[in-house]
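What follows is one structure encoded as structure tokens, with my remarks underneath.
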Amino acid sequence: MVKVGIIGGTGLEDPQILSNPKSVVVETPYGSPSDALLEGTINGVDCVLLARHGRKHDIMPGNVNYRANLWALYSLGVDVIIASTACGSLQEHVKPGQLVFPDSVFDRTNGRKSTFFDGSHAGAPGVCHIQSYPTYNEQLRQLMVTSAKSLDIDHHANGFGVCIEGPRFSTVAESNVFRSWGASLVNMTMMPECILAKELGIPYATMALVTDYDCWKETTHVSIDLVMETFHENVGKAKRLFIDVVARISDVDWTPEVARMKKEARDSIMIPAD
Ligand code: ADE
């Protein structure tokens, strides 16, 4: 039976969607994950939940140990990972309160550790040139879209985000440049989680909850109060989506997709000749 990893972003640190949650402390070759993980079930499906920023939200985006988070989920045997992330909107038609299921991301972070294969762990030898296309697992992404449709949640089935380093929000100049690139979203945590999941051969997709119009509009400028206010008004949608999509995920036999992704990950590693 499938085991689902769930990474809760801002506002979903402890969404209380698990039955019989058990706290599990995990150490990894890459250090400690953001917090203890919670193992439990959602409507009978095994799930493991991790708060990306820690359950007290005390880890800023650039300091999240993304490698330890992904490795911890991997070591607990999750087959697929779904995540949530709070985002600003860069386009008028992408409205606060809506969900977006991104199909790609533009990486504007710097200095984040974005590969397991950097020589620091003997269990990950060689150099890994993983494909960044497709960035998100399409089968999983489509299940999230289907959930949103069936729950009648206002959403966009496509679009890409710009992931900035943060922790500051963008300048107006930056925001307008990102808009001119055609990006729908801006946020601080879309990278490198999706790529690390690919290196582990784990199908991964994310739901973006739009909280604000960033700062490109004359009338409104993002602030943490605005982000949290919109998030609290809409967090129910994200929780309902997680619960619904977990049931859909459990109806799928993931064996062939996981085998395909593990092979793709293995084939991306160059081992130095002796
Ligand atoms: N998270 C939520 N809103 C954001 C914004 N406007 N920029 C970056 N990260 C965000």
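The values are calculated or read from the model by the stated rules, or taken from the named source; none is laboratory data. From a predicted model like this one, the values you see are computed outputs, not experimental measurements. Cβ: placed from backbone, ideal geometry, glycine included. Neighbour counts: every protein chain shown.
General observations
- Look at the stretch 25-40: where a residue is free of Cβ contacts under 8 Å to residues at least 24 places away in the same chain and a partner is in a loop (DSSP other than H, G, I, E, B) and small (Gly, Ala, Ser), sitting 6+ places away or on another chain with Cβ atoms under 6 Å, you get 25/36; 35/54.
- Neighbours by Cβ (under 6 Å, 6+ apart or cross-chain): first from the stretch 78-95, within 23 Å of residue 166 (Cβ to Cβ); second of a type in the set (Phe, Trp, Tyr): 81/204; 86/231; 89/213; 90/178
Residue-wise test of (1) more than 10 Å from the ligand (Cβ to nearest atom); (2) closer than 30 Å to residue 130 by Cα; (3) in contact (Cβ under 8 Å) with a residue 60 or more places away in the chain.
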{"position": "180", "(1), (2), (3)": "yes, yes, no"}
{"position": "183", "(1), (2), (3)": "yes, yes, yes"}
{"position": "186", "(1), (2), (3)": "no, yes, yes"}
{"position": "196", "(1), (2), (3)": "yes, yes, yes"}
{"position": "200", "(1), (2), (3)": "yes, yes, yes"}
{"position": "206", "(1), (2), (3)": "yes, yes, yes"}
{"position": "229", "(1), (2), (3)": "yes, no, no"}
{"position": "249", "(1), (2), (3)": "yes, yes, yes"}
{"position": "262", "(1), (2), (3)": "yes, yes, yes"}
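- Single residue of 105, 80 found to be crowded, with 17+ Cβ neighbours inside 10 Å, within 15 Å of the chain's Cα centre (by Cα) and within 13 Å of the ligand (Cβ to nearest atom): 105
- Of the residues making up the stretch 55-90, those that are under 20 Å from residue 19 (Cα atoms) and not hydroxyl-bearing (Ser, Thr, Tyr) number 10.
- Residue in the stretch 13-33 that is modelled with the lowest pLDDT, counting only those that are touching a helix residue (DSSP H, G or I) at 6+ places or on another chain (Cβ under 8 Å) and surrounded by fewer than 24 Cβ atoms within 10 Å (Cβ to Cβ): 15
- Number of the condition not met by residue 211 [criteria: (1) away from the ligand (no atom under 11 Å from the Cβ); (2) in contact (Cβ under 8 Å) with a residue 40 or more places away in the chain; (3) over 18 Å from residue 245 (Cβ atoms); (4) hydroxyl-bearing (Ser, Thr, Tyr)]: (1)
- Residue pairs whose Cβ atoms lie under 9 Å apart, sitting 6 or more positions apart in sequence or on different chains, and linking a residue in the stretch 61-75 that is more than 12 Å from residue 27 (Cα to Cα) to a partner that is modelled with pLDDT under 95 and away from the ligand (no atom under 16 Å from the Cβ), are 62/111; 64/54.
- Selected residue (only one of 153, 224 is among the aliphatic types (A, V, I, L, M) and within 16 Å of the ligand (Cβ to nearest atom)): 224
- Residue count, the stretch 213-261 (criterion: among the charged types (D, E, K, R) and touching a Phe, Trp or Tyr at 6+ places or on another chain (Cβ under 9 Å)): 1
- Just one of the listed residues (97, 123) is within 15 Å of the ligand (Cβ to nearest atom) and not polar (S, T, N, Q), and it is 97.
- Any chance residue 143 is of a type outside the set (S, T, N, Q), touching a helix residue (DSSP H, G or I) at 6+ places or on another chain (Cβ under 9 Å) and more than 9 Å from the ligand (Cβ to nearest atom): yes
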